Amino acid sequence: MSDEPIQPDEPITVSDRRRIDPDTGQVRPGAADEERAGQPRQGQDGTSSEQDEPQLATAAPDAAAQVAAEQVAELTAALQRERAQFANFKRRSAEEKQGSVAYGKRVLAEKLLPILDDLDRARAHGDLAEGPLKSVADKLLGVLTAEELVPFGTSGDPFDPELHEAVQNDGDGTNPVLGDVYRCGYRFGDKVIRTAMVTVTDAPAAPAEAATDTRGAE
């Protein structure tokens with residue numbers, strides 16, 4: 001057997017933490033301190049750390065709203081760029097279409113020029129003074145004129161080397177004008193599709209100048 005002395009059993013202590021005394025029905029002394037001890041921990045600025053959670057919850061929707069606003073602005077800018085590109089595409093398509101139509105008309109007019117030359121020769125010989133051929137020629141010229149085909153090159157017009165092809169020059173070049181017109185020129189819109197074949201001579205002197213020359217000769 002051991003020589004150590006036998007220690008008596010330690011008493012068992014039971015702590016009653018109930019706020020209301022069951023015997024008296026009154027609030028036990030010190031219950032308020034225990035309640036304060038169980039409250040949330042206070043921050044350094046005197047506010048509860050649990051109060052920071054609503055602030056974080058409020059900050060999160062604000063950040064989401066800002067991101068959404070940036071996305072809306074980006075999508076709006078992209079939509080505006082697409083609309084501008086589509087408007088430019090429509091404008092270019094319309095211009096190309098008009099250019100193609102004008103080119104097709106010009107090609108057709110160029111192919112009809114030999115027929116117009118034959119009609120001009122027939123008119124010069126008096127074959128288009130009357131009759132059904134005159135009606136056909138007038139209608140054809142009316143249609144082509146409506147499509148902006150314009151003839152040029154008449155005797156007496158000022159000579160322009162960009163519009164007229166001179167095959168003969170009978171003047172001294174002081175005041176050159178068209179003499180005989182062998183082939184009419186044509187302009188389709190603003191573009192010359194064929195120059196006129198002409199002879200060049202000097203413009204007749206004005207009556208006053210002619211009278212002065214006559215008196216000088218006397």
- Item | In region 176-188, residue nearest to the chain's Cα centre (by Cα) [restricted to those that are within 30 Å of ALA102 (Cα to Cα) and buried (at least 16 other Cβ atoms within 10 Å of the Cβ)] | PHE188
- Do you know which residues across region 189-202 are without any contact (Cβ under 8 Å) to a residue 60 or more places away in the chain, surrounded by fewer than 16 Cβ atoms within 10 Å (Cβ to Cβ) and assigned to a loop (DSSP other than H, G, I, E, B)? ASP190
- Message: Please go through (1) assigned to a helix (DSSP H, G or I); (2) loosely packed, with under 12 Cβ neighbours inside 10 Å for GLY173 and return the number of the only condition it doesn't satisfy.
- Response: (1)
- Conditions: (1) surrounded by fewer than 11 Cβ atoms within 10 Å (Cβ to Cβ); (2) of a type in the set (A, V, I, L, M); (3) at pLDDT 90 or above. ALA166 meets all but one. Number of the miss? (1)
- Unique residue being more than 18 Å from ALA203 (Cα to Cα) and either assigned to a helix (DSSP H, G or I) or in contact with a His (Cβ under 9 Å, 6 or more places away or on another chain) (or both) when the list is LEU178, LEU119: LEU119
- Message: Which pairs turn up if I take residues in region 131-148 that are assigned by TED's automatic domain parsing to the domain that holds ARG106 and under 12 Å from LEU116 (Cβ atoms) and look for partners that are charged (D, E, K, R) and part of a helix (DSSP H, G or I) with beta carbon separation below 8 Å, at least 6 apart in sequence or on another chain?
- Response: ALA137/ARG123
- Message: Show the residue pairs meeting these rules: Cβ distance below 8 Å; 6+ apart or different chains; first residue within region 175-188 and at negative phi; second residue assigned to a strand (DSSP E or B) and aromatic (Phe, Trp, Tyr).
- Response: CYS184/PHE152; GLY185/PHE152; TYR186/PHE152; ARG187/PHE152
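The values are calculated or read from the model by the stated rules, or taken from the named source; none is laboratory data. Please read all numbers here as calculations on a predicted model, not as lab measurements. Cβ atoms come from the backbone with ideal geometry, glycine included; neighbour counts cover every protein chain shown.
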